[in-house]
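K.L.:
Below you will find the structure I want to go over with you.
The values are calculated or read from the model by the stated rules, or taken from the named source; none is laboratory data. Worth saying up front: this structure is predicted, and the values here are computed from it rather than measured. Heads up, the Cβs are rebuilt from the backbone with ideal geometry, glycines too, and the neighbour counts pull from every protein chain shown. Surface areas here come from the heavy atoms of the whole protein model, side chains and all, with no ligands, DNA or RNA. Shrake-Rupley method; radii C 1.70, N 1.55, O 1.52, S 1.80 Å.
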Amino acid sequence: MTSQLRGFRSRARFVPPLLVACAMLPATLPAQQRELDRGVFLVRRGSDILGREEFVLRSGGSAGGIGRYTLRTTAWYPADRPERALTVILEFGPDSQPMTARFEGGNGDQRRVFLALGPRRMTVRRATPQGESAREYPVRGRQHLVSDSVFALHALLPRAGSARHISVDGTRGPVTRIEHLGVDQTPMAGDSRQLTHVRLTSERDTRDLWYDERGRIMKISIPDRGVVVERVLEPED
């Protein structure tokens, strides 16, 4: 499920570790952050439940700030007897743009990746039991952070247009086209619901996202892989 780590091949240069400290998010979040959404996803392929993910989305960033959001999410695989956990702490800036991200994962070979994304460059710091490395890469335009195993990264409804695909391990992917397809009837939890449909299309895959009237992510589908991710509904939902 998890993408393989691989480095960029062009225009990469070494960055001393002190210069990438900005990519590290604090272990605790400011008390003034307001909770906007909290939920649980089940990751399925057909009738098989592959994993479980729990997330919380709060307003504000690690240093406060209007128009910023912080997402913390952890996914476990397999769902019934977890052998590995993947955790991401992601800070969004205005217009749902990723600013910093911290990824931790592994099953016996724990690895950590810290990302800092600016308007012109991205800094990536990787730490494994074998050592640490840090690099800086040029970026242009909008960025969109994705993962093959952690799906609450789509918690904020993205703006229509195009964005560069960035994996949580710091790998740059193809340009993604983001389309808002309006409201449609969507099967979910054995019923049919009116949800806002957003489609992400790239050379890598196509993802369909659905949001409710409150802007909460409810369902994700990756048809090429046969994967469907659905929120576990609470009684008030």
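K.L.:
Quick one: accessible surface of residue 45, probe radius 1.4 Å, all protein chains present, in square angstrom to the nearest 10.
P.N.:
100 Å²
K.L.:
So how exposed is residue 40, as accessible area in Å² (1.4 Å probe, rounded to 10)?
P.N.:
30 Å²
K.L.:
If the only charges are +1 at each Lys and Arg Cβ and -1 at each Asp and Glu Cβ, what is the size of the charge dipole of region 168-237 around the Cα centre, to the nearest 20 debye?
P.N.:
Dipole about the Cα centre, nearest 20: 300 debye.
K.L.:
Multiply the residue gap between residue 54 and residue 110 by 0.36 nm, knock off their C-alpha separation, and tell me the result in nm, one decimal place.
P.N.:
Length gained between residue 54 and residue 110: 18.2 nm.
K.L.:
Ignoring ligands and nucleic acids, what accessible area does residue 167 show with a 1.4 Å probe (Å², nearest 10)?
P.N.:
10 Å²
K.L.:
What dipole magnitude, in Debye to the nearest 20, does region 66-169 give about its Cα centre under +1 on Lys/Arg Cβ and -1 on Asp/Glu Cβ?
P.N.:
About 420 debye.
K.L.:
Using a 1.4 angstrom probe on heavy atoms only, work out the carbon and sulfur share of the accessible area of region 166-230 in %.
P.N.:
Here carbon and sulfur together make up 46 percent of the probe-accessible area.
K.L.:
Using 0.36 nm per residue of separation minus the Cα-Cα distance, give me the extension gain between residue 128 and residue 206 in nm, one decimal.
P.N.:
25.0 nm
K.L.:
Projecting each Cα onto the charge dipole of region 148-225 (Lys/Arg +1, Asp/Glu -1 at the beta carbon, about the Cα centre), which of 187, 171, 155 comes out farthest on the positive side?
P.N.:
171
K.L.:
Next up: So what is the accessible area of region 151-231 per residue, in Å², with the probe set to 1.4 Å?
P.N.:
Counting only protein heavy atoms, the per-residue value for region 151-231 is 41 Å².
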